[in-house]
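Colleague: Quick one: the structure is below, and I'll ask about it shortly.
The values are calculated or read from the model by the stated rules, or taken from the named source; none is laboratory data. All figures in this text were calculated on a predicted structure; none of them were measured in a lab. Ideal geometry is used to build each Cβ from the backbone, glycine not excepted, and the neighbour counts take in all protein chains shown.
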Amino acid sequence: MPFYRRNLPHWQEPGAEYFVTFRLAGSLPTEVVRQLKKLRDGFNKKFHQKADYQLRSRRFEDKFFKKYESLLDGQSTGPHWLKNNKIAAIVMESLHFRDHKEYDLYAYCIMSNHVHLVFRDLSSNQEDQKKEEAFPVTKTMQGLKSYTGLMANRELNRSGSFWCEESYDRLIRNANELENKIQYTLNNPVKIDLVKTWCDWPYSYCKPEFAEGL
């Protein structure tokens with residue numbers, strides 16, 4: 001399974017299911033980002049040589065992401081451009097445009113400064129696959145963020161980075177985890193008391209076959 005690391009670890013496998021979170025540039029203060037990086041670096045330094053590193057790492061990432069998400073939900077500073085109906089519509093249109101082309105779209109939720117997305121990648125896992133295509137989520141997110149960032153900046157009459165360059169992606173390993181990630185995605189606005197049920201949030205979507213079980 002292909003793996004690479006920038007600030008966030010990425011395990012990517014063509015044809016797998018993923019939970020992805022991406023946020024606006026500047027949505028977290030620089031000092032907060034620095035503290036999060038220090039926290040992860042400290043964990044890796046302490047445990048990367050341990051035999052059970054992968055298990056520890058997965059547990060750590062679960063806790064790390066909850067902190068990361070809490071900070072995003074609680075930010076009163078930084079850009080909240082996704083509150084703008086026109087900007088949210090640009091993102092929604094682009095998410096659906098890629099459905100059945102790059103991925104099978106399961107669910108998404110657009111918050112004021114970040115987006116949660118669950119999908120099954122549709123890329124091939126052939127042996128002759130180009131090396132740069134070995135990270136299908138990265139390729140998909142680059143295209144999605146490049147287009148929506150350009151269109152959003154035009155609408156906002158601004159220039160500069162719209163999205164944070166890196167995304168948080170998590171490979172989903174089983175049906176139980178898939179159900180949990182879809183519920184987590186849709187319930188983000190419910191969790192912070194913006195709506196009573198996920199169906200009331202105007203910037204979310206769930207594939208009908210999954211919505212039936214919610």
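Colleague: If LEU144 passes every condition in (1) assigned to a loop (DSSP other than H, G, I, E, B); (2) in contact with a Lys or Arg (Cβ under 7 Å, 6 or more places away or on another chain); (3) not aromatic (Phe, Trp, Tyr) but one, which one does it miss?
Modeller: Status for LEU144: all satisfied but (1).
Colleague: For segment 59-78, which positions are under 19 Å from ALA107 (Cα atoms) and buried (at least 17 other Cβ atoms within 10 Å of the Cβ)?
Modeller: Within segment 59-78, just GLU69 meets the criteria.
Colleague: All but one of (1) closer than 26 Å to GLY143 by Cβ; (2) modelled with pLDDT under 80 hold for VAL20; which doesn't?
Modeller: With (1) closer than 26 Å to GLY143 by Cβ; (2) modelled with pLDDT under 80 applied to VAL20, the lone miss is (2).
Yes or no, residue by residue, for (1) at pLDDT 95 or above; (2) exposed (fewer than 14 other Cβ atoms within 10 Å of the Cβ); (3) at negative phi; (4) not in a helix (DSSP H, G or I):
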{"site": "SER124", "(1), (2), (3), (4)": "no, yes, yes, yes"}
{"site": "GLU127", "(1), (2), (3), (4)": "no, yes, yes, yes"}
{"site": "SER159", "(1), (2), (3), (4)": "yes, yes, yes, yes"}
{"site": "GLN183", "(1), (2), (3), (4)": "yes, no, yes, no"}
{"site": "VAL195", "(1), (2), (3), (4)": "yes, no, yes, yes"}
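Colleague: Also, quick follow-up: Check segment 79-100 and report whether any residue there is exposed (fewer than 13 other Cβ atoms within 10 Å of the Cβ), among the small types (Gly, Ala, Ser) and free of Cβ contacts under 8 Å to residues at least 12 places away in the same chain.
Modeller: There is no residue in segment 79-100 that is exposed (fewer than 13 other Cβ atoms within 10 Å of the Cβ), among the small types (Gly, Ala, Ser) and free of Cβ contacts under 8 Å to residues at least 12 places away in the same chain.
Colleague: Hey, which of the helices (runs of 4 or more DSSP H) in segment 27-113, taking only ones fully inside, have at least 2 residues that are at pLDDT 95 or above?
Modeller: By residue number, 85-97.
Colleague: Also: Given the criterion of a type in the set (Ser, Thr, Tyr), surrounded by fewer than 19 Cβ atoms within 10 Å (Cβ to Cβ), over 17 Å from TRP201 (Cβ atoms) and in contact (Cβ under 8 Å) with a residue 12 or more places away in the chain, identify the matching residue among TYR53, TYR147.
Modeller: When all the criteria are applied, what remains is TYR147.
Colleague: Could we say that ASN174 is modelled with pLDDT under 95 and surrounded by fewer than 16 Cβ atoms within 10 Å (Cβ to Cβ) here?
Modeller: yes
Colleague: Only one of these is free of Cβ contacts under 8 Å to residues at least 12 places away in the same chain and in a helix (DSSP H, G or I): GLU179, GLU209, GLU155. Name it.
Modeller: GLU209
To keep it simple, each residue is scored yes or no on (1) closer than 17 Å to THR185 by Cα; (2) not charged (D, E, K, R).
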{"position": "PHE19", "(1), (2)": "yes, yes"}
{"position": "LEU28", "(1), (2)": "no, yes"}
{"position": "ARG40", "(1), (2)": "no, no"}
{"position": "GLN54", "(1), (2)": "no, yes"}
